[in-house]
Amino acid sequence: MTSAGLDYSEFLRNIIDQTGIAHMSWQYPIMWAIAFFFIYLAVVKKYEPLLLLPIGFGIFLVNFPLVQLMGQSEQGFPNLFQFFYKYGIEWEIIPCVIFLGLGVLTDFGPLIASPKTMIVGAGAQLGVFVTFTGTILIFGIANFSLQEAASVGIIGGADGPTTIFLTQALAPHLLGPNALAAYSYMAMVPLIQPLIMRLVTTRKERTRIMKQLRPVSRVEKLVFPIIATMLIALLVPQVIPLMGMFMLGNFMRESGVVARLSDTAQGALMNTVTILLGLSVGATMQAEKFLSLKPVAIFTLGLFDFALCTMGGILTIKLMNLFLKEKDKMNPLIGAAGVSAVPMASRVAQVQGQKYNPKNFLLMHAMGPSVSGVIGTASAAGMFIAMFASVHAPLYVKDAGWGYVFMTLGIRFVGVFIVLGLLQVLMQLSCKIVSKFAKP
Amino acid sequence: MAQIDVTVPMVGKIVKVLVKPGDAVAEDDEIAVLEAMKMEMPVVAPAAGKIAEVKVEPGQLVEAETVLAIIETE
């Protein structure tokens, strides 16, 4: 301290140093632009606004210098968004609570009326498994581990909470880009799917009219969530946090005796956690973590994944049609709904079906593959978690070997078919039993 | 001269009725707009003819197979 003048300038420097301006770097404006892009999609394009708006704003908020939203405070407490993230996502609470609400919103009626569509939900996981392999293969340069590749693969299942659940379990550092890719492409289902539909179906197939679904009794609807829970708990116990909550929500809905709980689960509770989910996902996207090659790769692969899953669902129906009697043949457009994206993908099937034949009403028919797609994606996630259960470090293909990758993947893709196939058989059996004892 | 029923393909709500008795319709002309799962879909005429009767009104909730209207064919 030599003179008053120096004191003054140091004082000023300290003040400036306490503001964010002195700590700005080129990465922040880039992240703002990314944030504004998703906010634009939400607000102007109305693409999944309930998620993309809080996610976008979350990205915006955490990308300022000195802003204390993630990480720990000096006293060692989690900061605001860190708190949401830690208890909501790291502990995997929010995806499961959302699944409770989705269970309440789901009507398994169309699936129970047409059990064969169950298999379509398995076929539509094609992209998930192909992308897993593709991620390792094509983006060897970005050096994805097998766990990371699995979390990218699941994006094509078009199921946000499942994507978040699996990513958190296997590759938590990819949460932001994976969730964003899942929700963005889900919103773009009406743009992506019609192209794929035209590519893999003939005009004649698209105009096929499907016969009315039979009415489903209340008892059947009550029995379904119980059977499904039992089967999933026994075969893929890893996803019971998700599917157990989902089936509970559905049972609450069909029971008709807990309307107040159902209302809360599908309304207030789900909305509350959706805000926290969106913010937490956005908050994981801090410049230093996000600006790398991997998110770019994830967005590219995600699109490819969605297209393949759509194709997988459609091709499964075409394959099944080869074995079905003429009157039971299905319109392959409903296969596209096997990427869950409830109910958006079913609406796409309806619009496209009616475009080619105005007398065609595929909406309800498409709900079967759609809800079985939810179970299919969750099963695939469970299989991935099981696959890496005993691995605690990132596993790379150069260590594991391609033989291992293809073998386990093949087995697990077949596994999803087995889970849904068994569920279909059990469902048909129980429906037979129910119809013997219960009045229609 | 035969009478053909125009039926609702699935449970939902009638949003609009686009014809009135006496109207001539061609096959695939829109008869009414049905809303199900927050989606509006046109219900079309199964055959060409003249509307003999309209049996629903806008806002009405309908079950699958409910008769919307009756068409008299030539």
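The values are calculated or read from the model by the stated rules, or taken from the named source; none is laboratory data. What you see is a predicted model; the values in this text were computed from it and never measured. Reconstructed Cβ throughout: ideal geometry from the backbone, glycine too, with neighbour counts over all protein chains shown. For the accessible areas, the whole protein counts, side chains as well, though only heavy atoms, and no ligand, DNA or RNA atoms are used. Shrake-Rupley method; radii C 1.70, N 1.55, O 1.52, S 1.80 Å.
Brief remarks follow.
- Each Lys and Arg Cβ is given +1 and each Asp and Glu Cβ -1; about its Cα centre, the protein assembly as shown then shows a dipole of about 1300 debye.
- Per residue solvent-accessible surface (Å²) - region A:4-143, probe of 1.4 Å: 49
- Rg over Rh [alpha-carbon atoms, Kirkwood Rh] for the protein assembly as shown: 1.05
- Proximal aspartates and glutamates relative to residue A:204, as straight alpha-carbon distance under 14 Å, when same-chain residues fewer than 8 apart are discounted: A:326
- Cα-Cα P(r), region A:2-84, percent of pairs per 10 Å interval: 17, 29, 29, 16, 7, 2, 0
- Proximal charge balance of residue A:186 [Cβ under 9 Å; K/R count +1, D/E count -1]: -2
- Helix-only mean residue ellipticity at 222 nm for the protein assembly as shown, each DSSP H run of n ≥ 4 adding -39500 (n - 2.57), per residue, nearest 500: -19000 deg cm²/dmol
- Among the trypsin sites (Lys or Arg not before Pro) in region A:185-226, those placed in a DSSP loop whose Cβ has at most 14 other Cβ atoms within 10 Å are A:211.
- Which of A:18, A:56, A:71, positive extreme of dipole for region A:2-84 (C-beta unit charges): A:56
- Taking every alpha-carbon pair within region A:293-420, the share separated by more than 25 Å comes to 37 percent.
- Those residues of region B:25-48 for which accessible area with every protein chain present is at least 50 Å² below the isolated value (1.4 Å probe): B:37, B:39
- Region A:55-157: C-alpha gyration tensor shape, a/c 1.5 cut-off, then a/b vs b/c: oblate
- Rg and Dmax over the alpha-carbon atoms of region A:373-440 stand at 17.8, 60 Å.
- In a fully extended conformation the segment linking residue A:133 and residue A:19 would gain 36.4 nm over its present Cα-Cα distance, using 0.36 nm per residue.
- Region A:211-298: relative contact order as a whole-number percent, Cα under 8 Å and 6+ apart: 19
- Overall, the accessible surface of the protein assembly as shown at a probe of 1.4 angstrom is composed of carbon and sulfur to the extent of 66 percent.
- Against chain A, whose longest principal axis comes from its Cα atoms, helix A:175-187 is set at around 50 degrees.
- Summarising the label geometry, the points placed 7 Å from Cα in the beta-carbon direction at residue A:327 and residue A:50 lie 4.0 nm from one another.
- For the chain pair B and A, the interface hides roughly 1300 square angstrom of accessible area in total, found with a 1.4 Å probe.
- Cβ-based net charge around residue A:152, under 15 Å, with every Lys or Arg adding one and every Asp or Glu removing one: -2
- Over 20 Å between alpha carbons, listed pairs A:221/A:436; A:327/B:55; A:359/B:50; A:211/A:325; A:116/A:359: A:327/B:55; A:116/A:359
- Label-point gap, in nm, between residue B:63 and residue A:425 - each point 7 angstrom along Cα→Cβ: 3.6
- Diffusion coefficient (Stokes-Einstein, Kirkwood radius over C-alpha pairs, 20 °C, 1.002 mPa s) for region A:203-250: 164 µm²/s, rounded to a whole number.
- Whole-number percent relative contact order across chain A, with pairs defined as alpha carbons under 8 Å at least 6 apart: 27
- Taking 7 Å steps out from each Cα toward its Cβ at residue A:43 and residue A:359 produces label points 4.9 nm apart.
- Peptides A:312-319, A:285-292 ranked from most to least packed by the mean count of surrounding Cβ atoms within 10 Å: A:312-319, A:285-292.
- Divide the volume of the convex hull around the Cα atoms of chain B by the residue count and you get 66 Å³ per residue.
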